[in-house]
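Report on the following structure.
The values are calculated or read from the model by the stated rules, or taken from the named source; none is laboratory data. Just so we're clear, the structure is a prediction, and the values are computed from it rather than from any experiment. Backbone-built Cβ (ideal geometry, glycine too); neighbour counts: all protein chains shown.
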Amino acid sequence: MTVDGTSSLLGQSVHRQIRQMVLSGELTPGQALSVPALATKLGVSRSPVREAVQQLIYEGLAVSAPHAGAKVAAVDDDRIRDVLAVRAALDGLAAAAAATRLTDADLDKLGAIIAAQEANLDDSTDATRDAQLDIEFHTFIRDASGNSCVVDELARLEAQAHLYRGDLWCSARNRRVALREHRRIVEALESGHPESARAAAEAHVQGLLTRLARQ
Ligand SMILES: [Zn+2]
């Protein structure tokens with residue numbers, strides 16, 4: 001098994017493609033994940049698709065429906081609150097660990113992701129691109145934590161958080177506030193102080209919870 005839980009390069013690629021279709025909203029919550037249809041669409045055999053769907057179930061992005069295969073999971077208001085509450089603690093843990101491990105080159109890379117987010121906010125209304133950059137930002141920090149358990153859990157929680165359909169990820173105002181919070185996280189990571197990094201990362205997720213309560 002590889003890091004993302006699938007057993008072959010093809011399996012990983014198929015998993016990534018279907019996952020992206022789910023996260024971008026091309027496949028919507030409740031929609032059936034038909035193995036034959038996805039295999040035809042992606043031009044692959046059914047076996048890697050079956051494997052990818054199992055992996056999506058494990059990640060909480062799909063649920064198996066009795067006698068009907070699997071379907072895309074729906075993340076409602078209660079679930080997103082639970083997901084974010086756990087994420088706040090784990091994101092804090094990841095950022096605190098990453099604070100003493102990130103190199104200058106890593107910090108430059110984080111800065112570049114933020115710059116891309118800012119450019120995307122200024123130039124377009126592409127919320128899907130923004131969600132991708134958000135995932136990239138948080139993935140980079142958790143990977144730098146060096147804690148494989150935190151990496152696995154956060155990967156699942158973050159994907160579920162982005163499955164939530166609502167203003168949280170889409171409104172320009174919310175995206176702008178989130179960008180400001182990302183900047184504070186990078187500043188704290190640059191300082192190299194684990195507790196500052198933890199506080200900034202927790203504050204970002206608490207901010208998401210506050211914005212969620214407001215909508
Ligand atoms: Zn974020």
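A few remarks follow.
- Residue, nearest to the ligand (Cβ to nearest atom), within the stretch 140-170, restricted to residues that are in a loop (DSSP other than H, G, I, E, B) and closer than 15 Å to Ala89 by Cβ: Ser145
- Inter-residue pairs, beta-carbon under 7 Å, first of a type in the set (Lys, Arg) and in the stretch 66-85, second outside any helix (DSSP H, G or I), 6+ apart: Lys71/Gly30; Lys71/Gln31; Lys71/Ala32; Lys71/Leu33; Lys71/Ala62; Lys71/Val63; Lys71/Ala65
- Residue match in the stretch 130-139 (condition: more than 11 Å from the ligand (Cβ to nearest atom) and of a type outside the set (D, E, K, R)): yes
- Subset of the stretch 171-188 [charged (D, E, K, R) and either modelled with pLDDT of 95 or more or not in a helix (DSSP H, G or I) (or both)]: Arg180, Glu181, Arg183, Arg184, Glu187
- Leading residue by the ranking (surrounded by the most Cβ atoms within 10 Å (Cβ to Cβ)) among those in the stretch 92-131 that are assigned to a loop (DSSP other than H, G, I, E, B) and not basic (Lys, Arg): Leu102
- Residue match in the stretch 189-208 (condition: modelled with pLDDT of 95 or more, among the polar types (S, T, N, Q) and away from the ligand (no atom under 15 Å from the Cβ)): yes
- Candidate set: the stretch 171-188, residues that are of a type outside the set (A, V, I, L, M) and within 14 Å of the ligand (Cβ to nearest atom); chosen: the one surrounded by the most Cβ atoms within 10 Å (Cβ to Cβ): His182
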